[in-house]
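**Q** Before I ask anything, let me first share the structure, which is written out below as structure tokens.
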Amino acid sequence: MIYKLFKTPEWQALKADGTTLGAPIDRDDGYIHFSTADQVAETAAKHFAQAEGLWLIGVEDAAVADNLRWEESRGGAKFPHLYAPLRMDQVAWAQPLPLVDGAHDFPAGLT
């Protein structure tokens, strides 16, 4: 499972359109940034600190495997990058990511 953080308008656009090229930074970089379970909380803290209205999107990496590359990024860690639009039918689940006491409250058991 890989994870994407979307702001509410980005998530709503994916649901309405059925496909997305991601957030503005994704479009600028030419791929959609994802994180693993071990990386996603740090991604939220680094890029979305104090942001309200986030959504945590879970995608089975097998569903996007043909266009997924694992590339070095922050601290030399390999991050999953999707070099194709993300389709709504590839989203396994989505849930709001509330801000609690200044930090995003991730669900237990992310794998």
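Throughout, read-outs are computed from the coordinates displayed, never taken from laboratory work. Since the structure is predicted, the reported quantities are computational estimates derived from the model, not experimental observations. In this analysis, Cβ positions are derived from the backbone assuming ideal geometry, glycine residues included, and neighbour counts consider all displayed protein chains.
**Q** Quick check on the range 37-53: of everything there that is out of contact with any strand residue (DSSP E or B) (no Cβ under 6 Å at 6 or more places or on another chain) and part of a helix (DSSP H, G or I), which residue is surrounded by the fewest Cβ atoms within 10 Å (Cβ to Cβ)?
**A** LYS46
**Q** Within the range 29-38, does at least one residue satisfy the condition of being closer than 15 Å to SER73 by Cα and among the small types (Gly, Ala, Ser)? Don't jump to the end; show me each part of the working.
**A** So the first thing to find is which residues in the range 29-38 are closer than 15 Å to SER73 by Cα, and the list is 29-36, 38.
Then drop every residue that is not among the small types (Gly, Ala, Ser), which leaves 30, 35.
Looking through the range 29-38, at least one residue is closer than 15 Å to SER73 by Cα and among the small types (Gly, Ala, Ser).
**Q** If you take the residues in the range 54-72 that are assigned to a strand (DSSP E or B) and of a type in the set (A, V, I, L, M, F, W, C), which one is nearest to LEU99 (Cα to Cα)?
**A** Here is the first cut: in the range 54-72, the ones assigned to a strand (DSSP E or B) are 54-59, 68-72.
Those still in the list that are of a type in the set (A, V, I, L, M, F, W, C) too: 54-57, 59, 68, 70.
Values: LEU54: 9, TRP55: 11, LEU56: 12, ILE57: 16, VAL59: 22, LEU68: 29, TRP70: 29 Å.
Per the stated criteria, the residue is LEU54.
**Q** I want to confirm something. Restricting to the range 4-36 and keeping residues that are assigned to a helix (DSSP H, G or I) and within 12 Å of ALA94 (Cα to Cα), which single residue is nearest to the chain's Cα centre (by Cα)?
**A** Initial filter on the range 4-36 (assigned to a helix (DSSP H, G or I)): 8-17, 24-29.
Then keep just the ones that are within 12 Å of ALA94 (Cα to Cα); that gives 8, 11-12, 14-15.
Details: THR8: 12, TRP11: 10, GLN12: 14, LEU14: 12, LYS15: 15 Å.
If we take residues in the range 4-36 being assigned to a helix (DSSP H, G or I) and within 12 Å of ALA94 (Cα to Cα), then TRP11 is nearest to the chain's Cα centre (by Cα).
**Q** So, one more: Condition first: of a type in the set (D, E, K, R), touching a Gly at 6+ places or on another chain (Cβ under 9 Å) and over 15 Å from GLU10 (Cβ atoms). Now tell me which residues in the range 84-111 satisfy that.
**A** Applying the first criterion (of a type in the set (D, E, K, R)) to the range 84-111 yields 87, 89, 101, 105.
Pick out the ones that are also touching a Gly at 6+ places or on another chain (Cβ under 9 Å) and you get 87, 89.
Matches in the range 84-111: ASP89 only.
**Q** Could you please find all residues in the range 1-53 being in contact (Cβ under 8 Å) with a residue 60 or more places away in the chain, within 21 Å of VAL100 (Cα to Cα) and not aromatic (Phe, Trp, Tyr)?
**A** LYS4, LEU5, ALA37, VAL40, ALA41, ALA44
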